[in-house]
Amino acid sequence: MISVNQLLGVSLVYVAFLFAIAFFAERASIRGKGSWLRSPTVYTLSLSIYCTAWTFYGAVGYAARSGMEFVTIYLGPSLVMIGWWWVLRKLVRIGRAQRATSVADLISARYGKSNLLAIVVTVMAVIGVTPYIALQLQSVTLSLSIFSETGQPDSLSQQTAAFWVAGGLVLFTVLFGTRNLNANERHDGVVIAIAVEAVVKLVALLAVGIFVVWGIAGGIGPMMERIDNSSIGEWSMDRSRWAALTMLSAAAFLALPRMFQVMVVENEDERHLQIASWAFPLYLMLMSLFVVPIAVVGLDILPAGSNPDLFVLTVPLAEGQGGLATLSFLGGFSSATSMVIVATLALSTMVSNHVVMPVWLSTQAEGAQVSGDVRNVVILARRASILMIIFFGYIYYRLSGGGAALAAIGLISFVGVAQFLPAMLGGIFWRGATRWGALTGLLVGFAVWVFSSLLPSFGPDAVLSAAVFEQGIGGLPWLRPQALFGIEGIDPTVHAMVWSLSLNTAVFIAVSLVTFPTPLERLQGAQFVNIFDHSTQARGWDAALATSEDLMIMAQRILGPADALALFRAEAQRQGLTGHLPEPTQGFLQTLERELAGSVGSATAHAMISQLVGGTSVSVEDLMAVADESAQILEYSNRLEAKSAELSRTARQLREANQKLTALSVQKDAFLGQISHELRTPMTSIRSFSEILRDTDKLDQADKTKYASIIHGETIRLTRLLDDLLDLSVLENGQVSLNLEHGNLHAVIERALLSAGGAHTTPLRIDHVGADTDVPLCTDLDRLRQVFINLITNAQKYCTAAEPSLTVTVLQHNGGLQVVFHDNGTPIPADARALIFEKFSRINDKDGSGAGLGLAICREIMARLGGDITYESRADGNAFIVHLPGQVALAAQ
Amino acid sequence: MGKHVLLVEDEINIIEAIQFLLSREGWKVDTHSDGATAVDKVRAMKPDLVVLDYMLPGKNGIDILTELRADPEFTRLPILMLTARGQGRDRELAERAGVSRFMTKPFSNTEVMTAVRDLVQLAQ
């Protein structure tokens, strides 16, 4: 039997060995002799930090409890590596192009360098990974307790051991994770150490497996029989849980901060991924090869109630294989330490970059930002973060009581970090994804996870009371942490995963659809989604001809073919080359950049050239400058648009004014033509007849009298025309002054009838209805009478009926008054009705005595009096209606 | 002479005056005051001369003139147009439509009679 002290000694030697390897690797790397450190093999082995103590110990326990389901934990990553190789390649390409240092950095960069998003992701990652770190502490202390004298887990010594293990992990991580600050956040020493650990854990597990199969069971055949007879052989598959867990492990593999660290940040060459895509699944297969045999044999030979999570240790111990047990312990120890180191490293980068540094910088005066200063602060922040994160893990370990099965704790973490997946995948495949979508999706998913998975993991009454488990928050049954929305009977892990991820994704998509990305988000979105169009991984910089061609193509697009060709040809001649493709020398590139800057702005030009030539992707500063330029251009174009809208408005106004003037001019011409006609016509008669009278000697008296009366009549007509024109002109110009008087409407009508004088000289029969009624009013009575006279004389002149008659009626209408002049003449033709109130419109003017101004004057007068005059065609004649407004009638009352 | 004149005019006093002047010199004068049927009237009467007012009810003098000139029978018919509108543009329109003589009201009697005589002589 090996004592705990011996084991600690071995562990110390092993750790010292790792220190040494890490130290030499760092030294070699600094001296530039570290190329071997960055081989595909080391890359593949470093990916094995996916296999933590959970997989090392927990897989066997998982198999013993739930049969073949443990395979899902290996299946997810294998499927990603083989089937989603291109997703990983895109992720790696983007991560490298954007110099992403962590998952938080990547997500924040995608969504317009949003620091808020980075902080949210960081906090979520710390909380999500904490159970995982606790899991590692738990596994190491559990495994130590196996070797203790009593052989029984002793809670006090376990906690002490956990404390020391945590302390040791902090020390190692601080020493190798924060020894120096590398711009690309790579850690050669750490990577090589975890690669060695990957080998150790694989060898240890294979050794135990081989011992179990050939040492205990007696070969493959008997082993298979044992398996068939065991409970694991009878295990039946729960399809939904199987699918969900496979998906979950695949999601976690992509989204775990530590996986991002080794897969993207520590990646030296994209091509390593090609080898890892088959080598890593192979590694996983080897890791899982002996899980079932160990579980079956453990269940067989160990007393009932033994912790199956520790079969990897207890089976060799029970068989007296102390050395093998020690190796197995080292394997488990390796799994735990490598995971904690890398996870802590990744998290501390996030915490210091996205939380501590922004806060620190904002508290500093600008002068304090000298580089040395910042360096020390960053290193200090990293170290403090490492300490804090491992301390959190320790606290969680203490709180959760160290009792839960390893696999269960691991799954909680998996669901937590899987929340990053929608924002990550959405960000690299969907340009429409926005910052608010990502943020709300993450927060919703995270909240669901905390409520349905993390808090319940402490057990009833630890954080959430048992009542909440039974009845939901506030007694609402649909808010039970493990039966959200009232859906019961689902496995808690599947339940938490389905709800958190589906709500996360739904909110992410919905909010992205209704929000608009900022210019920088748009640019970054394009960079991410179209990374393979933009980045130049495959293109060699030494291929000068190809580069010149690319430059030429780009220049042609921006400057136009002729200018671009001239520029390139001139440069080629200057360089003494034939053809039109010059060497892309520094000087030429600067010239070209200047030329392009004239067209697209300097930042864009710089970004374009550096993309084609530099091999580096566009930096954030470049993008910011591009965004600024775009914003300026946008603003400029907005101003232009506003200007052009204003111009077109002015143009429209001018056009309208012009049309109005043209119409007025046409009207004026027509009016002058009419006036001229109205004046010249009587003058013609006057002149003609006066000449006849003057020049003709032998005129009889009758003719003389006739011609003289024609002349007389025509002069009266002329006078009346002039009167009307002046009257109309005064009315139209609004210069008329109204002489308001109180009176009776019927009296006004009566006087008009008298003035028209028609009653006894013409055959027109006039019927004045209600002539003796008193209808008081206050208006310009003379003007109103003028209107009435006009209407009466019109009826006298134009009423063509055999027995012409006119009926004058007063009506009350809407508080106002209507005076209706209804004659029995032929109705005015429909097409002429619109014209009767216009000047010089003479309908049925047989004798030509009217100038066609009467109704126009009436209309003007009524407008001045605040009323109106309208025409209605009636079946038995014509009706002219004079409308007097309410105030005219009311004023008298 | 006994030449035949058609007077298309709607102002009764002007009809009276022109009719008096022409008949006194032995012209046979017919009058017509509706623009709309003036062309038919000319076709029916085939006068030696038409005195045509510009502003007529139904159809104006320019349209009547244009219609008559479109008829080969009346391309050379002497037409004297009278107008009271007194605008330069009207003369232009009338000349383009093929008027023989254009005169603005008020005219002197001598002027009208000279014009009528000239036009008939020219046509012979």
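Of all the numbered requirements in (1) in a helix (DSSP H, G or I); (2) away from chain B (no Cβ under 14 Å), A:GLU741 misses one, and that requirement is (1). Considering only residues that are surrounded by fewer than 23 Cβ atoms within 10 Å (Cβ to Cβ), among the hydroxyl-bearing types (Ser, Thr, Tyr) and in contact with a helix residue (DSSP H, G or I) (Cβ under 7 Å, 6 or more places away or on another chain), look in the stretch A:51-77 and name the one that is farthest from A:THR337 (Cα to Cα). Applying the filter and picking the extreme gives A:THR72.
Based on what the data block shows, is A:ALA207 at pLDDT 85 or above and surrounded by fewer than 22 Cβ atoms within 10 Å (Cβ to Cβ)? It is true that A:ALA207 is at pLDDT 85 or above and surrounded by fewer than 22 Cβ atoms within 10 Å (Cβ to Cβ).
Restricting to the stretch B:1-21, name every residue that is modelled with pLDDT of 90 or more and over 16 Å from A:LYS706 (Cα atoms). Listed by number, the residues that qualify are B:HIS4, B:VAL5, B:LEU6, B:LEU7, B:VAL8, B:GLU9. Give the residues of the stretch A:696-741 that are among the small types (Gly, Ala, Ser) and touching a helix residue (DSSP H, G or I) at 6+ places or on another chain (Cβ under 9 Å), sorted by residue number. Within the stretch A:696-741, A:ALA708, A:GLY713, A:GLY734 qualify. Here the stretch B:67-107 is the region considered, the condition is being of a type in the set (S, T, N, Q), surrounded by 13 or more Cβ atoms within 10 Å (Cβ to Cβ) and free of Cβ contacts under 8 Å to residues at least 24 places away in the same chain, and the residue that is farthest from A:ARG680 (Cα to Cα) is B:SER100.
Within 12 Å of chain A (Cβ to nearest Cβ) and among the acidic types (Asp, Glu) - does that describe any residue in the stretch B:85-98? Yes: one or more hits. The requirement of being among the small types (Gly, Ala, Ser) and modelled with pLDDT under 75 is satisfied by A:GLY177.
For the stretch A:427-474, the set of residues classified as aromatic (Phe, Trp, Tyr), in a helix (DSSP H, G or I) and modelled with pLDDT under 80 consists of A:PHE469 only.
Being touching a residue at least 24 places away in the same chain (Cβ under 8 Å) and either over 15 Å from A:MET552 (Cα atoms) or of a type in the set (Ser, Thr, Tyr) (or both) is the filter here; which residues of the stretch A:568-596 pass it? Selection gives A:THR591 alone.
Would it be correct to say that A:ALA97 is at pLDDT below 80, of a type in the set (A, V, I, L, M) and surrounded by fewer than 24 Cβ atoms within 10 Å (Cβ to Cβ)? Yes, satisfied.
Take the residues in the stretch B:1-20 that are assigned to a loop (DSSP other than H, G, I, E, B) and away from chain A (no Cβ under 13 Å), then tell me which one is surrounded by the fewest Cβ atoms within 10 Å (Cβ to Cβ). In this case the residue turns out to be B:GLY2.
Restricting to the stretch B:21-47, and then to whatever is surrounded by 18 or more Cβ atoms within 10 Å (Cβ to Cβ) and out of contact with any strand residue (DSSP E or B) (no Cβ under 7 Å at 6 or more places or on another chain), can you tell me which residue is farthest from the other protein chains (Cβ to nearest Cβ)? Among those residues, the one meeting the criterion is B:VAL39.
Of the numbered criteria (1) part of a helix (DSSP H, G or I); (2) within 14 Å of chain A (Cβ to nearest Cβ), the one B:GLY58 fails is (1). Would it be correct to say that A:VAL613 is aliphatic (A, V, I, L, M) and modelled with pLDDT under 65? So A:VAL613 does not fit the description; no.
Within the stretch B:61-104, the set of residues being of a type in the set (S, T, N, Q) and part of a loop (DSSP other than H, G, I, E, B) comprises B:THR75, B:GLN87, B:SER100. Only one entry in A:HIS746, A:HIS712 is touching a residue at least 40 places away in the same chain (Cβ under 8 Å) and either closer than 30 Å to A:ARG765 by Cα or not in a helix (DSSP H, G or I) (or both), namely A:HIS746.
Candidates are the residues of the stretch A:660-675 that are of a type in the set (D, E, K, R) and more than 60 Å from the chain's Cα centre (by Cα); the one that is nearest to the other protein chains (Cβ to nearest Cβ) is A:ASP669. The criterion of being closer than 30 Å to A:VAL13 by Cβ and part of a helix (DSSP H, G or I) holds for A:MET259.
Just one of the listed residues (A:GLU678, A:GLU691) is touching a Ser or Thr at 6+ places or on another chain (Cβ under 7 Å) and either facing another protein chain (nearest Cβ under 10 Å) or of a type in the set (Ser, Thr, Tyr) (or both), namely A:GLU691. Among the residues of the stretch B:62-92, those that are small (Gly, Ala, Ser) and either under 15 Å from A:GLY673 (Cβ atoms) or within 16 Å of the chain's Cα centre (by Cα) (or both) comprise B:ALA84, B:GLY86, B:GLY88. The single residue among A:ALA702, A:ALA657 that is more than 14 Å from chain B (Cβ to nearest Cβ), assigned to a helix (DSSP H, G or I) and either within 24 Å of B:ASP53 (Cβ to Cβ) or of a type in the set (A, V, I, L, M, F, W, C) (or both) turns out to be A:ALA657. The set of residues in the stretch A:388-401 being buried (at least 18 other Cβ atoms within 10 Å of the Cβ) and at pLDDT 75 or above consists of A:ILE389, A:ILE390, A:PHE392, A:GLY393, A:TYR394, A:TYR396, A:TYR397.
Residues in the stretch A:822-841 that are of a type in the set (Gly, Ala, Ser) and farther than 14 Å from A:LEU791 by Cα were compared, and the one that is surrounded by the most Cβ atoms within 10 Å (Cβ to Cβ) is A:SER841.
Between A:THR326, A:THR337, A:THR363, the distinction of being modelled with pLDDT of 80 or more and closer than 30 Å to A:SER108 by Cβ belongs to A:THR337 only. For the criterion of being away from chain B (no Cβ under 12 Å) and in a helix (DSSP H, G or I), A:THR684 fails. Screening A:ILE227, A:ILE220 for residues that are in the same structural domain as A:ILE107 (by TED's automatic domain parsing), modelled with pLDDT under 85, loosely packed, with under 15 Cβ neighbours inside 10 Å and among the β-branched types (Val, Ile, Thr) leaves exactly one candidate, A:ILE220.
The values are calculated or read from the model by the stated rules, or taken from the named source; none is laboratory data. Computed from a predicted model, the values in this text were never measured in an experiment. Cβ atoms come from the backbone with ideal geometry, glycine included; neighbour counts cover every protein chain shown.
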